[in-house]
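Contents: one structure, followed by commentary.
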Amino acid sequence: MNEPSFAAQLAEDLGPADLRHVLEVFGRDVARLTGVLREAAAGDDAIGFRRAAHGLAGAAGAVGARALEQECRKAMAQAETKLGELSATMSTIDVLAEDAMRELARFVAALDAS
Amino acid sequence: MVSDGHPAARILVVEDTPTQAELARALLGSLGYQARIAPSAGWALVAAREWQPDAILVDIELPDYNGFELMQQLHGEGIDAAVIVVTANASISAAVQAMRAGAVDFIVKPYAKARLAVTLANVLEKRALVAVREQAETRADRDKFFGFIGSSAPMRAAYRTIESVAGSKASVFITGESGTGKELAADAVHRASPRASHHFVALNCGAIPRDLLESEVFGHVRGAFTGAANDREGAAKLADGGTLFLDEIGEMPLDMQVKLLRFVQTGTFSPVGSSKVERVDVRFVCATNRDPLLEVRAGRFREDLYYRLYVVPIDLPPLRARGDDVLAIARHFLVTFSREEARRFSGFSAEAEAMLLAYDWPGNVRQLQNVIRNVVVLHDGELVTAEMLPPPVYRPGIAVVPPAQAALPIAVTRGFEPDPQSPATPAAVASAPSDAWQGEIVPLATMERRLIVAALRQTDNDVPRAAALLEINPSTIYRKLQAWRALGLAI
């Protein structure tokens, strides 16, 4: 949760049970979509890469993981023009996804403690 | 069969990313809406057809085809749910594109609960207002009335009776040939009544094996008979607060009629196998395609039950007595089926219209529906021509006068060159001077009485319908009847 105000709003909108459920789904989305991105980058599959980046951008945006969302949107544009750079972009996405997941774990822990 | 009252609005979310879909589902649930998720445009189309959502939240980028194409498909299928585009692109051009494609609003992702709440409230309120306005227009012009189409005098009379009786709890007895819309009339009585928010439960007494009928009406308890593994509520209980429609009531066995009579009289019943008495508040609407009084005289229908149920009769006219309604209904089916079958039909040729009007439709609206379905499935084009009509509607060698040339109901003439001098041809009748009355000349008051009595006979003494046929106020007939009785005149 890279944007504290967004996270607080989400917590208020959803309540703890629904928020926990959404964040669990987000965790599964990150694991699945980064896997798809890696495969697409390795296979120079521009269409598959763009599609997965779009999905991950949407998921990240929904939970306020702004940095990951923005990187994914940049990657969507790159997929169409800079096919050779997808692996490098993938590395950045991996790092940001790990950051988001760490934030997510901290946020869930704080929810559990409250 | 069972129609619910006013459940929470249904929102379909078309979204392929699980995080966003689950977030939308959670937010909609917390706002009190029913939500379903469609992960692709194809799923969305299926869900929209089956679930009939009030609003659809559409993501633009979908795995099969994009949200704009989905909106075109929804529009093409006549699905009138309010479409709200949900997009990460906050540009003006995206908004314009969404609106041009038929969206009523758009939301930028990520969105907060408050934004979603306001957007949906506005969209649904606007939709409800449109529905109210359309219903008001429908009632005003009388071309349509709930599920009915048509504005002929006998149908307008039926609409008036339905509206008059809807507010009361009086039992309604609908008669009419098969295919005239008896269940539609029952449904209209329910929907126009204060009971509309409760269930309308329809039971076809002729389609249920006689051994099961009591259980279907009153329910049963576990172990009541072989195969009764659980307690089961019957139609009487399900219709509590609403309307119980007993179709083909003339088919009900006499022993069951005794039990129904007790239920009608007391409002109480016992499920099969139980001694517990249950009380419900049910409005009865019955229907039959037979003459109920003849059934009573023949001993097939209990007289006491007849008088309990035959409180407000509604006699639905056969299609052959409904004049131009045939064309209005045919056009409605043509549009509906052409959309379903992806055909281009937009109307009928003059000759086809004349043939539709000339045919006597023994199977009534149901037969007309089948004929139009047949035409649409087997043919394509802009206009339905006479040759596309299946027999017996299309009769080669029989010419009919196109409606535009006939001022009176269409007459069928043999051959393609009707004799303009023949008094049997509509053209000749239409061209006769209006003052060329050849019948007996009698005092105007006598003629008035004859006409009113004839109208009453034709409508089985249904004063509002007779008044509609004569285009006078029912109170005029009541007043005349009273005056003639006072004068000792035979009526």
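The values are calculated or read from the model by the stated rules, or taken from the named source; none is laboratory data. As the structure is a prediction and not an experimental result, all values here were calculated from the model. So basically every Cβ, Gly included, is an ideal-geometry build from the backbone, and we count neighbours across all protein chains shown. These accessible areas exclude ligands, DNA and RNA; they are computed on the full protein's heavy atoms, side chains included. Shrake-Rupley method; radii C 1.70, N 1.55, O 1.52, S 1.80 Å.
Carbon and sulfur atoms: what percent of the 1.4 Å accessible area of the stretch B:33-108 do they account for? Kindly include the intermediate steps, with their values, before the conclusion.
Numbers: 1830 of 3560 Å².
With neighbouring chains kept in place, the figure for the stretch B:33-108 is 51 percent.
With heavy atoms of protein chains only and a 1.4 Å probe, what residues of the stretch A:6-34 have at least 50 Å² less accessible area in the full set of chains than alone?
A:Asp13, A:Val22
Determine by what factor the alpha-carbon radius of gyration of the protein assembly as shown differs from 2.2 N^0.38 Å, reporting the quotient.
On the way: Rg = 32.6 Å, N = 605, 2.2 N^0.38 = 25.1 Å.
Compared with the compact-globule rule of thumb, the protein assembly as shown sits at 1.30.
Using alpha carbons only, how many degrees (0 to 90, rounded to 10) separate the axis of helix B:474-486 from the longest principal axis of chain B?
Long axis of B:474-486 versus the principal axis of chain B: about 30 degrees.
If one computes the Cα centroid of the stretch B:210-274 and of the stretch B:189-208, what distance in Å separates the two points?
If you average the Cα positions of each part, the centres end up 15 Å apart.
May I ask you to derive the FRET efficiency for B:Ser475 and B:Arg232 from their Cβ-Cβ distance with R0 = 51 Å, giving the value to the nearest 0.05? Let's see the in-between values first.
Details: r = 49 Å, r/R0 = 0.97.
E between B:Ser475 and B:Arg232, to the nearest 0.05, is 0.55.
Can you list residues whose amide H is under 5 Å from B:Ile37's amide H, if they're 5+ apart or on another chain and H is modeled 1.01 Å from N?
It is B:Val13, by chain and number.
Would you please give the residues with an amide H less than 5 Å from that of B:Ala202, counting only those at least 5 places away or on a separate chain, with H modeled from the backbone geometry?
B:Phe245
I want to check the label-to-label distance for B:Gln482 and B:Ala94. Put each point 7 Å from Cα in the C-beta direction and report it in nm to one decimal.
Here the modelled spin labels are 7.2 nm apart.
In whole Å, what are the extents of the stretch B:144-317 along the principal axes defined by its C-alpha atoms, from largest to smallest?
Extents along the principal axes: 53, 39, 26 Å.
Taking H as built 1.01 Å from N, whose amide H comes closer than 5 Å to the amide H of B:Leu316, not counting residues under 5 places away?
B:Thr175, B:Gly176
For B:23-30, what's the mean count of beta carbons from other chains sitting within 10 Å of each residue's beta carbon?
Working: counts 13, 2, 3, 10, 5, 0, 2, 4.
Across the residues of B:23-30, the mean count of other-chain Cβ atoms within 10 Å is 5.
Using Cα atoms only, what is the angle between the long axis of helix A:4-14 and the major principal axis of chain A, expressed in degrees (0 to 90) to the nearest 10?
70 degrees
Whenever you get a sec, compute what percent of the accessible area on the stretch A:4-113 sits on carbon and sulfur atoms (1.4 Å probe).
On the way: 2880 of 5090 Å².
The C+S portion of the solvent-accessible surface of the stretch A:4-113 is 57 percent.
On C-alpha positions alone, give me the angle between the axis of helix A:46-62 and the longest principal axis of chain A, in degrees, nearest 10.
That helix lies at roughly 20 degrees to the long axis.
To the nearest Å, what is the center-to-center distance of the stretch B:94-121 and the stretch B:1-79, using C-alpha atoms only?
14 Å
Based solely on C-alpha atoms, express the radius of gyration and the Dmax of chain B in angstrom.
Cα-based Rg and Dmax for chain B come out at 27.7, 85 Å.
Could you compute the FRET efficiency for B:Ser197 and B:Ala321, with r as their C-beta to C-beta distance and R0 at 25 Å, rounded to 0.05? Could the numbers behind the result be given before it?
Numbers: r = 35 Å, r/R0 = 1.39.
Computed FRET efficiency for B:Ser197 and B:Ala321 comes out at 0.10.
At 1.4 Å probe size, with the rest of the protein present, what percent of the exposed accessible area of the stretch B:137-241 is carbon and sulfur atoms? Please list the in-between numbers first.
Values: 2120 of 4530 Å².
Ligands and nucleic acids excluded, carbon and sulfur reach 47 percent.
Ignoring ligands, DNA and RNA, what accessible area per residue does the protein assembly as shown give at 1.4 Å, in Å²? Before the final figure, lay out each step's value.
Working: 29950 Å² over 605 residues.
Value returned for the protein assembly as shown: 49 Å² of accessible area per residue.
Would you mind giving the total buried accessible surface between chains B and A, with a 1.4 Å probe and ligands, DNA and RNA left out, rounded to the nearest 100 Å²?
Numbers: alone 25450 and 6090 Å², together 29950 Å².
The buried area between B and A, both sides summed, comes to about 1600 Å².
B:Val130 to B:Thr446: extension gain in nm, 0.36 nm per residue of separation minus the Cα-Cα distance? Display every interim value, and only then the final one.
Details: separation 316, 0.36 × 316 = 113.76 nm, distance 5.02 nm.
Contour length minus Cα-Cα distance gives 108.7 nm.
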